[in-house]
Amino acid sequence: MGSLYRASKHARSRFRQLSLLSSEPSKLRPLPAPEHPDHPCRRGSCSFAGPAVDLGGYPPERIRNFSIIAHVDHGKSTLADRLLELTGTIKKGHGQPQYLDKLQVERERGITVKAQTATMFYRRIINSSDINNEEQSDYLLNLIDTPGHVDFSYEVSRSLAACQGALLVVDAAQGVQAQTVANFYLAFESNLTIIPVINKIDQPTADPDRVKAQLKSLFDIDPEDALLTSAKTGQGLEHVLPAVIERIPSPPGKCDLPLRMLLLDSYYDEYKGVICHVAVVDGTLRKGDKIASAATNQAYEALDVGIMHPELTPTGILFTGQVGYVVSGIRSTKEARVGDTLYHARSIVEPLPGFKPAKHMVFSGLYPADGSDFEALNHAIERLTCNDASEYGARIISTIPTVPYIFEYSDGSKVQVQNPATLASNPGKRVTACWEPSVIATIIIPSEYVGPVITLCSERRGEQLEYSFIDSQRAFMKYRLPLREIVVDFYNELKSITSGYASFDYEDADYQTSDLVKLDILLNGQPVDAMATIVHQLKAQRIGRELVDRLKKFIDRQMFEITIQAAIGSKVIARETISAMRKNVLAKCYGGDVTRKKKLLEKQKEGKKRMKRVGSVDIPQEAFHELLKVLAMRKNVLVKCHGGDATRKKIQEKQKEGKKHMNCVGSVEIPREAFHELLKVS
C-alpha cells in the first residue's frame with residue numbers, strides 16, 4: 001500500500017487510539033480507497049503513470065471543506081501549520097513557519113492577504129471493544145486559509161462560500177476582539193458550522209474560562225463545544241480534526257449536474273500565467289475541458305488541473321466538493337475575478353450567488369520617481385491586482401489617499417469624483433449638496449480607554465451606534481465613521497491611545513451627506529494637481545495650515561521667491577513664503593554714493609521678478625502624464641568632460657540618481673519626502 005499505509009498500521013498497533021495519518025510526508029502517493037468503487041463521483045477517474053493522487057475514492061460524504069477564521073495574531077497560521085504536519089502534508093520541522101503565507105508582506109506583517117488552499121488526507125481510526133474490529137475511514141480535508149485583514153471582507157466571504165464549516169480561533173489571553181466578532185457573523189450569515197478553538201492555552205496569562213464566557217455572551221456558543229489547544233506546543237490538537245469530521249457536514253453538490261466552480265482567488269505566475277484556486281460545487285472538471293467565465297463570458301481551456309498538496313500537484317481531474325487549482329492560460333489578471341462562476345463552455349448553468357465586481361473605495365495617484373520608469377510602473381500595477389507589487393521593485397511617489405465623493409450642482413446634475421483635481425471650480429455651477437462614503441466600525445477596548453477612544457471618534461466625525469461591556473474589563477463600541485477619516489492613520493492613532501490593546505474592524509455602509517470642499521495647493525499662484533484634496537469644511541483651515549507649513553520645510557529655495565498657498569476656490573486660507581537665494585551684489589561696494597547701491601539692488605530685484613515669471617509654468621494634467629513617458633530634460637554634464645568612456649558613464653549615472661530624488665512641478669522641485677509628509681496630515 002505504500003509508506004503511508006505502513007505508517008498508519010504501525011501507529012494503530014502502538015497507540016490503539018484516535019491517530020493521525022502519519023508523521024511522514026505523503027510524497028504524493030495515493031491512499032487506498034476501496035470503499036466506493038462504483039460511486040457516481042468516481043466514474044471516469046484518471047490514472048497516471050508514476051506517483052500521483054487518486055481523488056476518485058473520495059465521494060462528497062468523505063470530504064470536509066473548512067476554513068480558519070481569527071483576529072490578527074491569534075495563531076491562525078500557526079494552527080494551519082500544525083494541521084499540515086499532523087496529516088503528513090508537510091514534514092515537521094522542515095519548511096518555513098506560516099507555510100501558507102506566500103507573499104513577503106504576509107510574512108513581514110504576520111497578516112494573511114491572499115486566500116490559500118491546502119488538501120490534506122486523513123485516516124480516522126475508531127477503536128471498538130473488539131481489538132480486531134477497528135473501523136477506519138479515509139477523508140479528504142480541504143483547508144481554505146482566508147485573508148486576515150479588515151480590508152478583505154469580500155474575499156473572506158467568497159472563501160467561506162466554498163466551506164461548510166469554520167474553526168473560530170480565539171486567543172486564550174486576549175479573548176474576543178473586533179475581527180473575531182466580524183468573522184463570526186460572516187460565517188454565521190453563510191450558515192457554516194462553527195467550531196470554537198481557544199488557542200495559546202500554554203501562555204501564563206491564558207484564561208480559557210473567561211474566553212468561554214465571552215463566547216457565550218456574544219455568540220451564544222456552548223462553552224462545552226470549545227476546543228482548548230496550543231498550536232505552538234501541540235497540546236489538544238489531536239481533537240481538532242476529529243471534530244471537523246464529526247461536526248462539519250459534507251459538501252452538498254451533485255455529481256450528475258453540469259460543472260459549476262467557485263473562483264476563490266488567483267495569483268500570477270511568470271511561466272503559467274494566472275493560476276486560479278477553485279472549489280467544484282457541481283459536476284466534474286477534467287484536464288482539457290473547455291470552461292467559461294460567467295462574469296466575463298470568456299472561454300478558456302483547462303491546461304492543468306490539480307490540488308494544493310501543499311504545492312501544485314497535478315491530478316488531471318477534480319470531483320464534486322473538491323478544492324484545487326486550474327491553469328487556463330489567462331494572461332490578464334483582470335479576467336480572474338474573485339467569486340466568479342466557471343462552467344463548461346456551451347452549457348447553460350445558473351451562476352453561483354454572491355458575486356459582485358470589486359468596488360474601489362480608496363484612490364491614490366501613483367507617479368514613478370523617474371519619468372523613464374512609467375511603463376515599468378504600469379506593468380507592476382497590472383500584476384498588483386493578483387500579487388504583492390512590492391516584489392517588483394517599482395519606485396513610486398504616492399499622492400494623498402482619497403475616496404469617491406458625489407457632488408450635486410445647482411443645475412441638478414451629479415458627478416462622482418475620485419480624483420480631486422477633476423473637481424473644477426466653475427463659477428457658473430454651484431455645488432448644492434455632497435455625499436461621502438461611510439463605514440460601520442467595531443471597536444473593542446479595555447474599559448479604562450473608553451474616554452480617549454470616544455474623543456478620537458468624535459474628532460473624526462463619528463456617530464456612536466452602540467456601546468456596551470463584554471465583561472468587567474472590555475468595552476464594545478460601534479461607530480459610523482466617514483471612510484475618509486480612517487484610510488490614513490486612524491488605526492495607528494487608535495492603537496497609540498490604547499497602548500496597543502484596541503482591536504478594530506469595519507464594513508462598508510451607505511453614503512451620507514457632508515459639507516465638503518476642495519482644498520488646492522498653489523505654488524507661485526499655479527495649482528499642483530497632485531496635491532489637491534477634498535476635506536470637510538470644519539477641518540479645511542487647520543489642514544491647509546499644516547500642509548503649507550510642511551511644504552515649506554521640504555521645498556528647496558530657488559533663485560526667486562516661492563509662494564505656497566492653500567486655497568478653497570479663490571479664497572486663500574493659508575500662506576507661506578520661501579525667500580529667494582540672492583547674491584550679495586554690494587560685496588565690492590566699499591564706499592561711494594548710496595544711489596549706486598540702490599541701483600544695484602533695484603537691478604537685482606528686476607531680475608528676480610523676470611526669473612519668477614519665467615519659472616512659473618502651468619503644465620496641464622494630461623500633458624504631465626505624457627511627459628512621464630519621456631526622459632526628463634537634462635543638463636549636459638559631459639560638456640567639459642575630456643575623459644574616457646568609463647568616466648563619462650560614471651558622470652551620467654550620477655546625474656540619473658540625482659534626477660530620481662526629485663519631482664518637478666514647473667520649475668519648483670518638490671522632493672519625494674514632501675509628498676510623504678502630506679500623507680501624515682489628516
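Numerical summary
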item: Check on residue 229, touching a helix residue (DSSP H, G or I) at 6+ places or on another chain (Cβ under 6 Å) and either under 30 Å from residue 334 (Cβ atoms) or among the aromatic types (Phe, Trp, Tyr) (or both); result: no
item: Among the candidates 331, 337, 346, residue that is under 23 Å from residue 156 (Cα atoms) and in a loop (DSSP other than H, G, I, E, B); result: 337
item: Only listed residue being among the β-branched types (Val, Ile, Thr) and over 22 Å from residue 123 (Cα atoms), chosen from 244, 305; result: 305
item: Candidate set: region 569-607, residues that are in contact with a Ser or Thr (Cβ under 8 Å, 6 or more places away or on another chain), within 30 Å of residue 429 (Cβ to Cβ) and surrounded by 10 or more Cβ atoms within 10 Å (Cβ to Cβ); chosen: the one modelled with the lowest pLDDT; result: 569
item: Restricting region 408-419 to residues that are open to solvent by 10 Å² or more (accessible area, probe 1.4 Å) and either touching a residue at least 40 places away in the same chain (Cβ under 8 Å) or closer than 30 Å to residue 500 by Cα (or both), the residue that is farthest from the chain's Cα centre (by Cα); result: 419
item: Pairs where the first residue, in region 588-616, is farther than 18 Å from residue 561 by Cα and the second is modelled with pLDDT of 75 or more and surrounded by 11 or more Cβ atoms within 10 Å (Cβ to Cβ), C-beta under 7 Å, 6+ apart; result: 589/597
item: Filter pass, residue 522 being open to solvent by less than 50 Å² (accessible area, probe 1.4 Å) and either over 16 Å from residue 401 (Cα atoms) or modelled with pLDDT of 90 or more (or both); result: yes
item: Count of residues meeting criterion [within 24 Å of residue 246 (Cβ to Cβ) and outside any strand (DSSP E or B)] in region 201-228; result: 14
item: Residue count, region 232-254 (criterion: open to solvent by less than 70 Å² (accessible area, probe 1.4 Å) and either aromatic (Phe, Trp, Tyr) or assigned to a strand (DSSP E or B) (or both)); result: 0
item: Hits in region 489-510 (condition: surrounded by fewer than 19 Cβ atoms within 10 Å (Cβ to Cβ), of a type in the set (A, V, I, L, M) and in contact with a Lys or Arg (Cβ under 8 Å, 6 or more places away or on another chain)); result: 509
item: Subset of region 430-460 [of a type in the set (A, V, I, L, M) and not in a strand (DSSP E or B)]; result: 450, 453, 454, 456
item: Residue check for residue 207: under 24 Å from residue 64 (Cβ atoms), among the acidic types (Asp, Glu) and without any contact (Cβ under 8 Å) to a residue 40 or more places away in the chain; result: no
item: Residue 188 vs. criteria modelled with pLDDT under 95 and surrounded by fewer than 20 Cβ atoms within 10 Å (Cβ to Cβ); result: yes
item: Test: residue in region 264-273 that is open to solvent by less than 70 Å² (accessible area, probe 1.4 Å) and among the aromatic types (Phe, Trp, Tyr); result: yes
item: Complete set of residues in region 491-520 that are of a type in the set (Phe, Trp, Tyr) and part of a loop (DSSP other than H, G, I, E, B); result: 501
item: Matching residues, region 420-465, being open to solvent by 20 Å² or more (accessible area, probe 1.4 Å) and in contact (Cβ under 8 Å) with a residue 60 or more places away in the chain; result: 421, 425, 433, 435, 440, 461
item: Failed item in (1) open to solvent by 10 Å² or more (accessible area, probe 1.4 Å); (2) touching a residue at least 60 places away in the same chain (Cβ under 8 Å); (3) of a type outside the set (A, V, I, L, M, F, W, C); (4) touching a Gly at 6+ places or on another chain (Cβ under 6 Å), with residue 229 passing the rest; result: (1)
item: Hits in region 194-243 (condition: under 29 Å from the mean Cα position of the chain (by Cα) and on the phi > 0 side of the Ramachandran plot); result: 200
item: Residues of region 294-332 satisfying the condition of being within 24 Å of the chain's Cα centre (by Cα) and not aliphatic (A, V, I, L, M); result: 296, 310, 311, 324, 325, 331, 332
item: Selection within region 61-80 - under 20 Å from residue 140 (Cβ atoms) and either open to solvent by less than 10 Å² (accessible area, probe 1.4 Å) or in a loop (DSSP other than H, G, I, E, B) (or both); result: 63, 65, 66, 67, 68, 79, 80
item: Residue within region 310-327 that is in a strand (DSSP E or B) and without any contact (Cβ under 8 Å) to a residue 60 or more places away in the chain present; result: yes
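A quick yes/no check of all residues on (1) part of a strand (DSSP E or B); (2) at pLDDT 90 or above; (3) buried (at least 17 other Cβ atoms within 10 Å of the Cβ):
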{"site": "538", "(1), (2), (3)": "no, no, no"}
{"site": "551", "(1), (2), (3)": "no, no, yes"}
{"site": "558", "(1), (2), (3)": "no, no, yes"}
{"site": "567", "(1), (2), (3)": "yes, yes, yes"}
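Here is a yes/no grid of residues against (1) out of contact with any helix residue (DSSP H, G or I) (no Cβ under 6 Å at 6 or more places or on another chain); (2) surrounded by fewer than 24 Cβ atoms within 10 Å (Cβ to Cβ):
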site: 147; (1), (2): no, yes
site: 170; (1), (2): no, no
site: 184; (1), (2): no, yes
site: 202; (1), (2): yes, yes
site: 210; (1), (2): yes, yes
site: 217; (1), (2): yes, yes
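Yes or no, residue by residue, for (1) of a type outside the set (Val, Ile, Thr); (2) within 13 Å of residue 436 (Cβ to Cβ); (3) in contact (Cβ under 8 Å) with a residue 60 or more places away in the chain:
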| residue | (1), (2), (3) |
| --- | --- |
| 467 | yes, no, no |
| 504 | yes, no, yes |
| 513 | no, yes, yes |
| 517 | no, yes, no |
| 524 | yes, no, yes |
| 531 | yes, no, yes |
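The values are calculated or read from the model by the stated rules, or taken from the named source; none is laboratory data. Predicted model, so just to flag it, every value in this text is computed and none were measured. In this analysis, Cβ positions are derived from the backbone assuming ideal geometry, glycine residues included, and neighbour counts consider all displayed protein chains. To get the accessible areas, we keep the full protein, side chains included, count just its heavy atoms, and leave off ligands, DNA and RNA. Shrake-Rupley method; radii C 1.70, N 1.55, O 1.52, S 1.80 Å.
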